[in-house]
Amino acid sequence: MGSVLGAFLGAGFITLLPILLNVVAHTLFSGRVSQSLLSNLELMLFGALIILFLAVEPYGLARLWQIGKEKLRLWPFPH
């Protein structure tokens, strides 16, 4: 809330995650599961991932990005 980077990362997450789920689901289960069931399972998984992400990381993707940068900056020498 309040960072431009977080808005861009969140928009990318909301836009690209369903596409990724669609590609993975159709690659793994094409022909074995009906299309309507597969589509509903993708939506349920997408919703569950959003809820899980909000519960696990309430500060968002921008905070995860900041933590990752700090850890990589100190990586070879953690002291």
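The values are calculated or read from the model by the stated rules, or taken from the named source; none is laboratory data. For clarity, every value in this text was computed on a predicted model and none was experimentally measured. All Cβ positions, even for glycine, are placed from backbone atoms using ideal geometry, and neighbour counts span all protein chains on display.
Residue by residue through the range 17-31, note down the ones that are farther than 18 Å from Ile51 by Cβ, surrounded by fewer than 14 Cβ atoms within 10 Å (Cβ to Cβ) and modelled with pLDDT of 85 or more. Selection gives Ile19, Val23, Val24, Thr27, Leu28. Of all residues in the range 47-79, those being of a type in the set (Gly, Ala, Ser), more than 16 Å from Ser3 (Cα to Cα) and surrounded by 10 or more Cβ atoms within 10 Å (Cβ to Cβ) number 3.
Applying the selection to the range 1-14, what residues are surrounded by 10 or more Cβ atoms within 10 Å (Cβ to Cβ) and of a type outside the set (A, V, I, L, M)? If the condition is that a residue be surrounded by 10 or more Cβ atoms within 10 Å (Cβ to Cβ) and of a type outside the set (A, V, I, L, M), then Ser3, Gly6, Phe8, Gly10, Gly12, Phe13 are the ones that fit.
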